[in-house]
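Inspection log for the structure reproduced underneath, given as structure tokens.
The values are calculated or read from the model by the stated rules, or taken from the named source; none is laboratory data. What you see is a predicted model; the values in this text were computed from it and never measured. In this analysis, Cβ positions are derived from the backbone assuming ideal geometry, glycine residues included, and neighbour counts consider all displayed protein chains.
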Amino acid sequence: MGFRPAVYRIARSLGLTGLVYNDTKGVTVELQGDEEKISQFVARLQSTNTPPLAKIRSCKIVDIPIIEGEKQFVIEVSDSEGTALSEVTADIAICKDCLSEMTDKNDFRYHYPFINCTNCGPRYSIVKTIPYDRPNITMSAFAMCDRCAAQYNDVTDRRFHAQPVACASCGPKIWLTDKKGNTIKTQTDEAIAETAKLLLGGKIVAIKGVGSFHLAVDALNNKAVKRLRERKHRDHKPFAMMTDTIEKIREYAVISKLAEHIFKSPQSPIVLLPKKQNAAIAPSVAAGVNTFGFMLCYAPLHYLLFAQGIKVLVMTSGNIADEPLICKNEIALERMGGIADAFLMHNRDIYRQVDDSIVHFIADEPVLLRRARGYVPTPIFMEENCRQDIFAAGADLKNTFCFVKQNQLICSEHIGDLEDAEIYHHYIDSIEHLRKLFEVEPKVVAYDLHPAYLSTQYAQTWHGLPAREDTAKMAVPQIKIIQVQHHWAHIASVLAEHNIRGPVIGIACDGTGYGTDGAIWGCECLIASLEKFERFGHLAYYQLAGADKASKEAIRPLLGLLKFTYGKDFALSKFKWLLERVETIADENPKPEIRNPKFILEQLEKRINTVDTSSLGRVFDAVAAMLGLGNYNHFEAQLPMALEAIIEDGVEDSYDFELIRKTDKPLQLDLCKTIKGIIDDIRDELCGGVVSTKFHNTIAIALLAMAKAAREKTRLNTVAISGGVFCNRHLTNRLIKMLKKEGFDVLFNRDVPANDGGISLGQAAIAARAVTRDPSSVARS
Ligand SMILES: [Zn+2]
Ligand SMILES: [Zn+2]
């Protein structure tokens, strides 16, 4: 992005002749001139002179014959200009230059809400097809005025070939409507001033942004925030907030140097920060967690709004419950008319809906929890080219999917939970759109082992449509399939990010993943590479009753664990005090009658609708419930997050556990003693925060013990950790520290989430390795 103009400027300033062009392999520069000047060129290219968004991955220099009579340096524009991948980049937050122009009264884009340049602005969200050119983006509806066109065509200008370039006289506009769509204000400054007035008055305004609508409300006004929760049917999940300066965020949360750096990055994600005591943020913004999610303004429109005296806004995704994001004006009015009191609209169409990305910190490194705006479609690179294109379907929760093309792993943005019918349709549409956009023609399809996954069922019907019209007549070759075990995919996602093949000791902990033995796995120690894996150890199986309900209703894993722990001695009467406590936690659980412990226990005893599981996520649910923190996961990992939120610093105690070795069987982690210890502590009325911390510490020690046992057997010294449980900061930081202290090299996810959002990358990397190693082994099985 903006790379060729930068090359041009450096070459010209050094008096060098030649040319620069893009092709599928990257950028080629041909130079003629003094050797010393050419050395200077190379040095300057690799220094700060390159545009902020360009990254040189590698640079190869070769001698070529002299071209006689060459007099100048030119940018050569070819027909087969690059690939979509080198052209279509992520949506980028407004840059400093544009921001200062927008606030400069003498600039012709003063107060223009869609100001952008080569270094900033929308990309991925507005691309319809390739090549990335004005007619193929949603800006095609606007003809450039002479002033904009002059900048667009001037190679020395910051807006040279900036496809979305526009100004107030030629580009998109904003306006404000009431909830029925009746226009209130059409003039930019008036619409923004009125929007700010509404927000400061406690109203809810739907604001169209870069990748979707946001629902905005004053984050300091608890009544208003509660009203948004009621209307949006989002009772519990924390809301993200936006403001315009780091200083404002500092009033409410603890910001490290690293966090500050992430806030100011062009990706501009939501960053999770420790809450400050007595922060003035409305309590209902983020109850039950110990962090606030903040982002800085990233669209020019946001800055104009905050200039009107707004301090901090809740800016939550414009959708209802878990449905897809809304990005079309008519649909916004239709669906959100009952939520928003007004709509701040604009007429730059959003072609791809992209959520805000979320970053938190693990072992002092930024780690993505949700990968979307700003990061997608930036690929992850492999060492080798893959001979066949690959499609990896991902998991059903927090779905992303992934394509392999040449040496690139291209992950989609966060799609959502496929169980929602609309999300599922969005998933299928997105696969088709991105497949065409990146000209991928997968002949190999990778998907999860879970037979009931919708992603699995979709992948099984994959018929390999050709990407381009001209290949449509060719026979479609047989599609090869690769089924990938869930936790293996988790570990493979770490290997792919770190560009290694393994083997490593893989520790994968989460809520649910289908195992090769038909059980539900969730606390696994694997000896894994991109080629194969072996199950070295796991949490001893306990029973879960009630299939899908078991991941929501904490009483189910709790009863399963109690029965496992106390065996034949287990009687409801002995634990009546505990179960009653769990059941009577004030919560508007949708179906209280099915939480009848007697009924669930009968299910467990007769093995009706039960599964064996090694899920660690469910153990966290059960412990949270025992401590009275809730009995229902209204959103994924609500109870584990509540358990993490009450951690007490300085508690170093832990509970007992056992590692059980049986010949020819994987090592078993048995938590009976842990559960007994927790129950004793609760009987003794030990503070919940201490119990929670002791429990977290226990899991870290147990996983370390498992890794040490694996090292003893395999002599491997690298541990890769992944899975949703490692979104827990206390556990993960502690485990990493302990592993390092024992001399392990530790790898973890940074570029893709540790939760199921990273599964597609792992599937893709495993499939790519299989194709590269031995294409004939990848067969329909
Ligand atoms: Zn800019
Ligand atoms: Zn213009």
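Specify which of the listed residues (ILE184, ILE207) is touching a strand residue (DSSP E or B) at 6+ places or on another chain (Cβ under 6 Å), hydrophobic (A, V, I, L, M, F, W, C) and surrounded by fewer than 20 Cβ atoms within 10 Å (Cβ to Cβ).
Values: ILE207 fails: surrounded by fewer than 20 Cβ atoms within 10 Å (Cβ to Cβ).
Answer to the check: ILE184.
Here is a list of conditions, (1) modelled with pLDDT of 95 or more; (2) under 27 Å from ARG109 (Cα atoms); (3) of a type in the set (Phe, Trp, Tyr), and PHE239 meets all of them except one; can you say which number that is?
For PHE239, the failing item is (2).
So VAL165 passes all but one of these: (1) touching a Leu at 6+ places or on another chain (Cβ under 8 Å); (2) among the β-branched types (Val, Ile, Thr); (3) within 13 Å of ligand 2 (Cβ to nearest atom). Which condition number does it fail?
Among (1) touching a Leu at 6+ places or on another chain (Cβ under 8 Å); (2) among the β-branched types (Val, Ile, Thr); (3) within 13 Å of ligand 2 (Cβ to nearest atom), the lone unmet condition for VAL165 is (1).
If a residue must be within 16 Å of ligand 2 (Cβ to nearest atom) and either part of a strand (DSSP E or B) or in contact with a helix residue (DSSP H, G or I) (Cβ under 9 Å, 6 or more places away or on another chain) (or both), how many such residues does segment 87-117 contain?
Count: 13.
Does ILE326 fit the bill of being part of a loop (DSSP other than H, G, I, E, B) and more than 26 Å from the chain's Cα centre (by Cα)?
No, not satisfied.
Quick grid of which residues meet (1) closer than 30 Å to TYR112 by Cα; (2) within 24 Å of the chain's Cα centre (by Cα):
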position	(1), (2)
TYR252	no, no
ALA259	yes, yes
LYS264	yes, yes
GLN267	yes, yes
ALA282	no, no
MET295	yes, yes
LEU304	yes, no
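Quick check on my filter: what residues within segment 118-159 are in a loop (DSSP other than H, G, I, E, B) and within 15 Å of ligand 2 (Cβ to nearest atom)?
So in segment 118-159, the residues in a loop (DSSP other than H, G, I, E, B) come out as 118-119, 122-123, 128-133, 142-145, 154-159.
PHE142, ALA143, MET144, CYS145, ASP154, ASP157, ARG158, ARG159 - these are the residues of segment 118-159 that are in a loop (DSSP other than H, G, I, E, B) and within 15 Å of ligand 2 (Cβ to nearest atom).
When segment 423-433 is examined, which residues are found to be touching a strand residue (DSSP E or B) at 6+ places or on another chain (Cβ under 7 Å) and either hydroxyl-bearing (Ser, Thr, Tyr) or within 15 Å of VAL127 (Cβ to Cβ) (or both)?
Selection gives TYR427 alone.
Does segment 629-673 hold any residues that are aliphatic (A, V, I, L, M) and surrounded by fewer than 18 Cβ atoms within 10 Å (Cβ to Cβ), and which are they?
Kept after step one, since they are aliphatic (A, V, I, L, M), are these residues of segment 629-673: 629, 637, 639, 641-643, 645-647, 651, 659-660, 667, 669, 671.
Listed by number, the residues that qualify are VAL651, LEU659, ILE660.
Condition check ((1) more than 29 Å from ALA90 (Cβ to Cβ); (2) more than 16 Å from ligand 1 (Cβ to nearest atom)) across all residues:
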{"residue": "MET144", "(1), (2)": "no, yes"}
{"residue": "CYS148", "(1), (2)": "no, no"}
{"residue": "TYR152", "(1), (2)": "no, no"}
{"residue": "HIS161", "(1), (2)": "no, no"}
{"residue": "VAL165", "(1), (2)": "no, no"}
{"residue": "CYS170", "(1), (2)": "no, yes"}
{"residue": "THR177", "(1), (2)": "yes, yes"}
{"residue": "LYS180", "(1), (2)": "yes, yes"}
{"residue": "THR188", "(1), (2)": "no, yes"}
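Of the residues that make up segment 84-105, is at least one at pLDDT below 95, more than 15 Å from ligand 1 (Cβ to nearest atom), closer than 28 Å to HIS261 by Cα and surrounded by fewer than 20 Cβ atoms within 10 Å (Cβ to Cβ)?
yes
Could you grab the pairs with beta carbons closer than 6 Å, sequence gap of 6+ or different chains, first residue in segment 140-169 and within 22 Å of SER13 (Cα to Cα), second one of a type in the set (Lys, Arg) and within 13 Å of ligand 2 (Cβ to nearest atom)?
Here the result reads GLN151/ARG159; TYR152/ARG159, each pair linking segment 140-169 to a residue that is of a type in the set (Lys, Arg) and within 13 Å of ligand 2 (Cβ to nearest atom).
Could you check VAL651 against (1) part of a helix (DSSP H, G or I); (2) hydrophobic (A, V, I, L, M, F, W, C); (3) touching a residue at least 24 places away in the same chain (Cβ under 8 Å) and say which number it fails?
Unmet for VAL651, out of (1) part of a helix (DSSP H, G or I); (2) hydrophobic (A, V, I, L, M, F, W, C); (3) touching a residue at least 24 places away in the same chain (Cβ under 8 Å): (1).
Identify all residues within segment 535-562 that are over 28 Å from the mean Cα position of the chain (by Cα) and aliphatic (A, V, I, L, M); write none if there are none.
Listed by number, the residues that qualify are ALA540, LEU544, ALA545, ILE555, LEU558, LEU559, LEU561, LEU562.
Residues to consider are VAL127, VAL77; find the one that is β-branched (Val, Ile, Thr), away from ligand 1 (no atom under 16 Å from the Cβ), surrounded by fewer than 19 Cβ atoms within 10 Å (Cβ to Cβ) and modelled with pLDDT under 95. Before the answer, list the steps.
Numbers: VAL127 fails: surrounded by fewer than 19 Cβ atoms within 10 Å (Cβ to Cβ).
Selected residue: VAL77, the only one of VAL127, VAL77 that is β-branched (Val, Ile, Thr), away from ligand 1 (no atom under 16 Å from the Cβ), surrounded by fewer than 19 Cβ atoms within 10 Å (Cβ to Cβ) and modelled with pLDDT under 95.
For segment 170-190, enumerate the residues that are away from ligand 2 (no atom under 15 Å from the Cβ), farther than 19 Å from MET336 by Cα and touching a residue at least 60 places away in the same chain (Cβ under 8 Å).
Within segment 170-190, ASP189 is the sole residue that qualifies.
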